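S.K.: Sharing a structure, written as structure tokens. Questions coming.
FYI, it's all coordinate maths here, none of it is from the lab. Since the model is a prediction, treat every value here as computed from it, not as a measurement. Glycine also receives a Cβ, built like all others from the backbone with ideal geometry; neighbour counts cover every protein chain displayed.
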Amino acid sequence: MEKRLDDVTISRAITESFFQQFLSCLKADVVIAGAGPSGLICAYYLARAGLKVNVLERQLRVGGGMPGGGMMFNRITVQEEAKPIFEELDISLAVYQEGLYVADALETVSTLCSRTIRAGAMIFNLISVEDVMMQQERVCGVVINWSATVWSKLHVDPLSMAAKVVVDATGHDAEICRIVERKTGPRLRTPSGTVVGEKSMWAQVGEQSLVENTREVFPGLLVCGMAANAVMGAPRMGAIFGGMFLSGRKAAELILSQLKPGEK
Ligand code: 48H
């Protein structure tokens, strides 16, 4: 006789599997807020090097601003400097003109997500970072809640996730840096000590400064991707994404120079 699928067994499989992983993630080497391109790339390189990495994404889906391409035309542009990362991940690039390539936004998001998980990073969607943990003037983790509780404005107390390093990869709003600024005063490592704020579109300068602006902005807190330009007061760049990949990789390199895999 056909073996029937038991409804409760399905529920148990999901909840047991999820909570086993969730419990093992409550202490990590690195927690990254935001699963946009910069956060995912950062997670990919850290996990590949053997660090324990969690990515927390507020939305149902990963990819941040990438699936929408430019104005919902689901293509992204990529400059020469980032081409080796696309090749490493095996994401197709079509030459548009010398030094400029076009990629399918959905292929890029799905491949990057898959590679990041297979490298060993844990990605949790539908979880928002709503605060940081801070001890002895150092960020040492994040305070999290289900996005659904935040959106529905329910007063539900959060949980915590400890990390040696936290990365703000939340994009234009630089949410984690703003939280730290709000709680500690103007003590970020920026020209003003605060989140300076993103400047208007200038792709050339925006892309160049993005990698430079990828840095530790407070003890235990790094910023990468669009958030790095927002924090340091540099321009936006429109739908060119090479800088996001280079910034995520640089954040991973900075972290790896501090935290050696194995010293967990
Ligand atoms: C959990 C959160 C929280 C939170 C936000 O916006 P993103 O795609 O960010 P980047 O920096 O990787 O890429 C930027 C790029 O997409 C972009 O916007 C460009 C190139 N713009 C140029 C221009 O001129 O406009 O992803 C950030 C992710 C999103 O998925 C958010 O949902 C998520 O972070 N997020 N997740 N807790 N508190 N805040």
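S.K.: Taking only the alpha-carbon positions of segment 55-169 and ignoring solvent, what does the Debye formula give for the base-10 log of I(q)/I(0) at q = 0.09, 0.15, 0.16, 0.21 Å⁻¹?
M.R.: Here log10 of I(q) over I(0) equals -0.35, -0.81, -0.88, -1.12.
S.K.: Dipole of segment 7-256 (Lys/Arg Cβ +1, Asp/Glu Cβ -1, origin at the Cα centre): which of C224, F241, A105 lies farthest to the positive side?
M.R.: Among C224, F241, A105, the one farthest towards the positive end of the dipole of segment 7-256 is C224.
S.K.: Continuing with this model, one more query. Using alpha-carbon pairs under 8 Å, 6+ residues apart, how would you state the relative contact order of segment 7-256 in percent?
M.R.: Normalised by residue count, the contact order of segment 7-256 is 23 percent.
S.K.: Ranking C224, C177, C140 by Cβ neighbours within 10 Å, fewest first, what do you get?
M.R.: C140, C177, C224
S.K.: Just rank K250, K83, fewest to most, by other beta-carbon atoms within 10 angstrom. All intermediate terms of the calculation are to be shown ahead of the outcome.
M.R.: Details: K250 23, K83 16.
Ascending number of Cβ neighbours within 10 Å: K83, K250.
S.K.: Please report D168, D6, D131 as a ranked list, fewest other C-beta atoms within 10 angstrom at the top and most at the bottom.
M.R.: D6, D131, D168
S.K.: In addition: Per DSSP H run of at least 4 residues, take -39500 (n - 2.57); add these up for the chain, divide by its residues and hand me the 222 nm value, nearest 500 deg cm²/dmol.
M.R.: -11500 deg cm²/dmol
S.K.: Using the Karplus curve 6.51 cos²θ - 1.76 cosθ + 1.60 with θ = phi - 60°, what ³J(HN,Hα) values do you get for each residue of segment 106-112, in whole Hz, with x for Gly and Pro?
M.R.: Karplus values, whole Hz, x for Gly and Pro: 6, 4, 5, 4, 5, 5, 4.
S.K.: Please report the antiparallel percentage of the DSSP beta bridges confined to segment 7-256, to the nearest 5. Walk me through the numbers before you get to the answer.
M.R.: Values: 24 of 43 bridges.
Counting only bridges with both partners in segment 7-256, antiparallel ones make up about 55 percent.
S.K.: In addition: Tell me, what are the semi-axes, in whole angstrom and largest first, of the equivalent ellipsoid of the chain as set by the roots of 5 times the Cα gyration tensor eigenvalues?
M.R.: The answer is 29, 25, 17 Å, longest axis first.
S.K.: Please compute one quarter of the surface area of the Cα convex hull for segment 154-233 and express it in square nanometres.
M.R.: Over every viewing direction, the Cα hull of segment 154-233 projects on average to 6.2 nm².
S.K.: Based on the inverse mean of 1/r over its pairs of different Cα atoms, what is the Kirkwood hydrodynamic radius of segment 115-264, in Å? Don't skip to the end; give the middle numbers.
M.R.: Working: mean 1/r = 0.0621 Å⁻¹.
This gives a value of 16.1 Å.
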